[in-house]
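All remarks here apply to the structure that follows.
The values are calculated or read from the model by the stated rules, or taken from the named source; none is laboratory data. What you see is a predicted model, and the numbers here were worked out from it, not measured in a lab. Don't worry about glycine lacking a Cβ; one is built from the backbone with ideal geometry, like all the others, and counts go over all protein chains shown. SASA here: full protein model, heavy atoms, side chains in, ligands and nucleic acids out. Shrake-Rupley method; radii C 1.70, N 1.55, O 1.52, S 1.80 Å.
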Amino acid sequence: EAGGIESLRDRHLAYYVNLVEQAEPELYRSNQVFWLNKLEDDLDNLRRALEWALTTDVESGLQLIVFARFYWEARGDVREVESWLAQLLENYKETDSLCVKALVIYSKILSDRGAFAESQKIANQSLEIARTISDKQAEAFSLWGLGSSLGYQGDVRQGMPLIKQSLALYRSLGDKLGQATALDWLSMDHDDGERSKGYILESLGLYRELGHLLGIAICLMDLAELTIAGGNFSSLKPLLEEAHMIYRQLESQAGEAHVLMFYGRLAFWQNNYSQACNYFEQSIQLYEKVGASWSAWSRVHMAYALLRQGDFVQARETFKISLQQFEKAGYINGLICTIEGLASWYANQGQLERATQLFTWADTMREKMDDDRPPFEQNSVEKDLAAIHSKLDDAKFAKLSEEGGVMTVEQAIALALEPVDEINTRK
């Protein structure tokens, strides 16, 4: 009633900018749980500060996101952070290092939810600004952002050289956090399993040295992915258990969802399909709670488990939902994985022609992307193809394979989703 609310809110905003600036280096060090909890306790105040910044001080608003990015990554709702960044960046007219960092974080969030075209556009913009202002630190971050955006889309050939450039810059700057981040992302190139493992272990060592729990957990999960790709399930559980413990310590629901998905994959390859479905269902619920697009991966894995159980009706419906999610996101790796699952479904239903075309399309796409199937997945596909080939003569099989190999992505999706005669559905 007495007035002065504007001055009070200005002081409130300045206080929280100062708090997150103080927190920034602590959020990737051994005391990060304390600082995560401190920021969590003040989440409503951070939101009020962001609201005020939108109308009065956009620079301070961006600082609230950029300085606290590891808090938002560990505990934030992806949708909320994306909304704040979209509004703040729209009104921020400076081309400086703060703008670059905010654009990279925004690009990463867009990738996480599958908006790859927009993510790549934003990442390119950040790199252009970083080079214009001759800021090597910002350039290294932008190179990583663009490289990871391309890698998310499955374009490893273009993405990895950019991340190597980022690593070289971070090394020249002596930035251990940047080096650890770039090294872990270099492991996305699975052409050489031992080299990928070496990158992850070097990254893990740097993260352990820094005490960055979130980075440690991410590396453990990437080691788990590499372990699965190699078919070595016996050494998987300790990696998952440590990562799960860290994510719980960080109170990261997205991280816990990721671990649950991996537990489901482990149960699947141990032929415990019912348990696998339980893990995948829990994972989907947590992913969707925080707005993470990775729920599509848990869903497609669950569809495979349902298929192995013989629940053909539910398997097809689950494949269909995941395919639509991947199509909306433009996530080609996810599309391939899902269409392979539907091809196996059609093979089980005696729809041999459609199965042959879809398998061949997937093989052709994998060859174009230089993305080989892990050996245990390849064995499963080969069994389906052998069963199909035993019932189709060579000429017919060759003709169908040729047709599948030249299909566009859109044609493959349409064929995969084309209705089937219900009498062919066994359950």
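Brief remarks on what is shown
- Ser401, Ser235, Ser30, ranked by accessible area, largest first (probe 1.4 Å): Ser30, Ser235, Ser401
- Candidates Ala343, Phe397, Met365 compared by Cα position along the dipole of the stretch 308-427: farthest toward the positive end lies Ala343, with charges placed on Cβ.
- Rounded accessible area of Val406 (nearest 10 Å², 1.4 Å probe): 110
- Cβ charges +1 (Lys, Arg) and -1 (Asp, Glu), total dipole of the chain, debye: 560
- The share of accessible area on the stretch 304-427 that comes from carbon and sulfur is 50 percent, using a 1.4 angstrom probe.
- Principal-axis analysis of the Cα atoms of the chain puts helix 116-132 at an angle of about 40° to the longest axis.
- Among Ala414, Ala347, Ala68, residue whose mean-square fluctuation peaks in a GNM of the chain (springs only between Cα atoms under 10 Å): Ala414
- Of the whole protein surface, Ser166 contributes about 0 Å² of accessible area at a 1.4 Å probe radius.
- Ranking by accessible area, most exposed first, for His244, His389 with a 1.4 Å probe: His389, His244
- Leading residue at positive end of dipole, the chain (Cβ point charges), from Ala303, Leu250, Ser380: Ser380
- Computed in the context of the full set of protein chains, the accessible area of the stretch 109-197 at 1.4 Å probe radius has 47% of its extent on carbon or sulfur.
- Between 0 and 90 degrees, the angle of helix 78-91 with respect to the longest Cα principal axis of the chain falls at about 50 degrees.
- Rounded tilt (10° steps) of 312-329 against the dominant C-alpha axis of the chain: 40
- Dipole of the chain, positive direction: furthest Cα of Gly334, Val33, Gln137, with charges on the beta-carbon: Gly334
- Option label - semi-axes √(5λ) of the Cα gyration tensor in Å computed here, alternatives (1) 47, 24, 19; (2) 42, 22, 22; (3) 61, 33, 25: (2)
- Prolate/oblate/rounded label for the stretch 34-112 (Cα gyration tensor, a/c 1.5): oblate
- Shape of the stretch 299-427, Cα gyration tensor, a/c cut at 1.5: rounded
- Contour excess over end-to-end distance, with Cα ends at Glu59 and Ala168 and 0.36 nm allotted per residue: 36.3 nm
- The heavy atoms of Cys337 offer some 20 square angstrom of accessible surface to a 1.4 angstrom probe.
- Only the Cβ atoms of Lys and Arg (+1) and of Asp and Glu (-1) were treated as charged; on that basis the dipole of the stretch 1-114 about its Cα centre amounts to roughly 320 debye.
- The charge dipole of the stretch 141-214, taken about its Cα centre with unit charges on the Cβ of Lys, Arg, Asp and Glu (plus for the first two, minus for the last two), comes to roughly 160 debye.
- Which listed pairs, of Lys176/Lys197; Lys368/Lys391; Lys93/Lys136; Lys101/Lys164, have C-alpha distances above 27 Å, in listed order: Lys368/Lys391
- Residues of the chain: accessible area per residue with a 1.4 Å probe, Å²: 45
- Approximate spin-label separation Asp192-Glu94, in nm, with each point projected 7 Å along Cα-to-Cβ: 4.3
- Residue with peak Gaussian network fluctuation, the chain [Cα springs, cutoff 10 Å], from Ser142, Ser172, Ser203: Ser172
- Computed over protein heavy atoms with a 1.4 angstrom probe, the accessible surface ordering of Met407, Met221, largest first, is Met407, Met221.
- 15 Å cut-off, amide nitrogen to a point 7 angstrom out along Trp269 Cα→Cβ, residues in the stretch 368-399: 373-381
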